[in-house]
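Have a look at the structure below before the remarks.
Where a number appears in this text, it was derived from the coordinates with a stated rule and is not lab data. Note that the coordinates shown come from a computational prediction; the quantities given were computed from them, not determined experimentally. All Cβ positions, glycine included, derive from the backbone under ideal geometry; neighbour counts span all protein chains shown.
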Amino acid sequence: MSVVAIDGPSGVGKSSTAKEVARRLGYQYLDTGAMYRAMAWLCLNRGVTDPVDVLEQVRGADLEISLSPDEFFVSVDDIDVTEDIRGEDVSANVQTVSGVIDAREELIEMQRAYIAAAPEGIVVEGRDITTVVAPDADVRILMTARDEVRVARRAKEVHGNADAEAIAATQDLVTGRDAKDSATTSFLEAADGVFTLDTSDIDFDQVVETVLQLVKDAQ
């Protein structure tokens, strides 16, 4: 069983790359960020912000996440939240969950269980994947990109374009969250043995081919 771990900040293309790599290899796909977003959605809907209460929500929730790159979904207590967790309100409040160490540990244990149960192979993406969640993965990659590139990509994803207004509205969602998350996670610099893949000036196909070659080289 092969594990491909893809780390990095928002806007570098982790999710789209991980899905396509999983698809090409016939592997499962795990979006760990979606798990944090789902729990943030739950806390927002229940008005929970206190760390002790956040941990209680995480422990008590029935969180389900698809491991298919083609039929991705996330549900919380049998409610499909696949689309809802991509909203700006959730993006702005992910730190409510990710900033609570014990809540992180609960989700990390779930992620490790998914990885261990993968029958053939799995591509796992998110923050801290290469250093905390799957430090022994067969292939570990830190995807990066210049700040302005990341903000423009996320603006297109959230607002449908990257004009000045969309950029301004997206700036804090990207760089602001990085600043908050860097207090509890390490995803901006590659650890020893982690391949750094700068996606600033290469297209999607080149990124995917680079990852596939890394996987091939590791076999």
Just name one of ILE202, HIS159, PHE73: the one whose Cα is farthest towards the positive end of the charge dipole of the chain (beta-carbon charges, Lys/Arg +1, Asp/Glu -1). ILE202
Determine ³J(HN,Hα), in whole Hz, for all residues of the range 136-150 in sequence, where each value follows from phi through the Karplus function 6.51 cos²θ - 1.76 cosθ + 1.60 and θ = phi - 60°; x replaces Gly and Pro. 9, 4, 5, 10, 10, 10, 10, 8, 9, 6, 4, 3, 5, 6, 5
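Just in the range 20-80: which chymotrypsin sites (Phe, Trp or Tyr not before Pro) are loop by DSSP and have at most 14 other Cβ atoms within 10 Å?
Details: sites: TYR27, TYR29, TYR36, TRP41, PHE72, PHE73; in loops: TYR27, PHE72, PHE73.
Filter output for the range 20-80: PHE73.
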Within a Gaussian network of the chain (alpha carbon springs, distance under 10 Å), most fluctuating of PRO119, PRO51, PRO69: PRO119
Using R₀ = 35 Å, calculate the FRET efficiency as 1/(1 + (r/R₀)^6) where r is the Cβ-Cβ separation of ASP172 and ASP70; round to 0.05. 0.60
For ASN161 paired with PHE204, estimate the spin-label separation in nm (one decimal), with each label point 7 Å from Cα along the Cα-to-Cβ line. 2.1
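Suppose only helical runs count, i.e. DSSP H with n ≥ 4. What mean residue ellipticity at 222 nm does that imply for the chain under -39500 (n - 2.57) per run, divided by all residues and rounded to the nearest 500 deg cm²/dmol? Can you show the working numbers first?
On the way: 10 runs with 103 residues, N = 219.
So the calculated ellipticity at 222 nm is -14000 deg cm²/dmol.
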When the label point is put 7 Å from the Cα of ALA113 along its Cα-to-beta-carbon vector, which residues of the range 42-68 have a backbone N closer than 16 Å? 56-67
I need the calculated FRET efficiency for the pair THR49 and LYS216, taking r as the beta carbon distance and R₀ as 30 Å, to the nearest 0.05. 0.05
